[in-house]
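To keep things clear, I will list the structure first and then write my remarks on it.
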Amino acid sequence: MWKYIWLSHFIMMLYLVNEIAPMVEFTNVKCTSWDKKFDDFEYCHLKSVNRSFKYLSLKVNLFKVPITKVKVNFALLKRYSGYKPFLYNITVDACKLLKHPKANPIFGFFHGLFKEHSNMNHSCPYDHDLVVEKLPTSFMNQKITGALNFPHGDYLFHSDWLAYGINRATVDFFYTLS
Ligand SMILES: *[C@@H]1O[C@H](CO)[C@@H](O)[C@H](O)[C@H]1NC(C)=O
Ligand SMILES: *[C@@H]1O[C@H](CO)[C@@H](O)[C@H](O)[C@H]1NC(C)=O
Ligand SMILES: *[C@@H]1O[C@H](CO)[C@@H](O)[C@H](O)[C@H]1NC(C)=O
């Protein structure tokens, strides 16, 4: 299955090679709790310190700890008239993959974007609030432009966070490739 995804990714890149995206700009982040007895966001924002330094911070309070089963669905969408699915839509077992991050390259890439700025840097159980603190968007820009040659446009990186099989929270990142 992963072979297939990477092959299709590779073929896609060959087609898109003339449209290399030189610039990533994070435009918004939106966090939603779907079960406020289970979790709630204390904050969730992008902040511009100056033209060159913009960062992402978020904190989610967890009310039913310890949490031992976590799945994440992530999907990439691109805006045409409205956001449409684009390339990825996968669900992974985060507890398993946090033990073996290399087992899934897409999850490994995603986790690599924030793990150094987060206390979500170990596997389950989670018995504390989760934070991503001052993650510089320039760092994500480098990783994304280095790794992905996608066509220009507006994108939404959508993630649903499931505990015990129920969607508890959604985190949406909006960015533009220009
Ligand atoms: C932007 O702010 C950061 C952090 O305060 C600082 O290190 C950097 O020098 C600033 N850059 C400019 C261009 O002012
Ligand atoms: C991802 O796929 C699932 C299952 O096909 C679907 O229900 C869901 O709406 C998709 N997510 C997005 C953001 O398109
Ligand atoms: C995880 O992050 C916390 C808080 O930033 C830090 O104190 C801890 O040393 C980190 N643990 C690992 C295994 O990197």
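The values are calculated or read from the model by the stated rules, or taken from the named source; none is laboratory data. Bear in mind the structure is a predicted one, so any value in this text is a computation, not a measurement. Cβ coordinates were reconstructed from backbone atoms using ideal geometry, including for glycine residues, and neighbour counts include every protein chain displayed. Side chains are part of the model used for accessible areas, which takes the heavy atoms of the whole protein and leaves out ligands, DNA and RNA. Shrake-Rupley method; radii C 1.70, N 1.55, O 1.52, S 1.80 Å.
Per residue, the average separation of C-alpha pairs within less than 8 Å and at least 6 apart gives the stretch 22-177 a relative contact order of 36 percent.
If amide hydrogens are placed 1.01 Å from N in the peptide plane, which non-local residues have theirs closer than 5 Å to the one on residue 119? For residue 119, the qualifying residues are 131. Stretching residue 164 away from residue 142 to a fully extended chain increases their span by 4.5 nm, per 0.36 nm per residue minus the current alpha-carbon distance. Taking a ≥ b ≥ c as the square roots of the eigenvalues of the Cα gyration tensor, an a/c ratio of 1.5 or more together with a/b no larger than b/c marks the stretch 48-97 as oblate. In a simple Cβ point-charge model (Lys, Arg +1; Asp, Glu -1; nothing else charged), the stretch 22-177 has a dipole of about 200 debye relative to its Cα centre. Each Cα pair of the stretch 22-177 feeds into the Kirkwood radius, which the Stokes-Einstein equation turns, at 4 °C and 1.567 mPa s, into a diffusion coefficient of 80 µm²/s. Ignoring any ligand, DNA or RNA, what whole percent of the accessible area of the stretch 122-178 comes from carbon and sulfur when the probe is 1.4 angstrom? Exposed carbon and sulfur together represent 60 percent of the surface.
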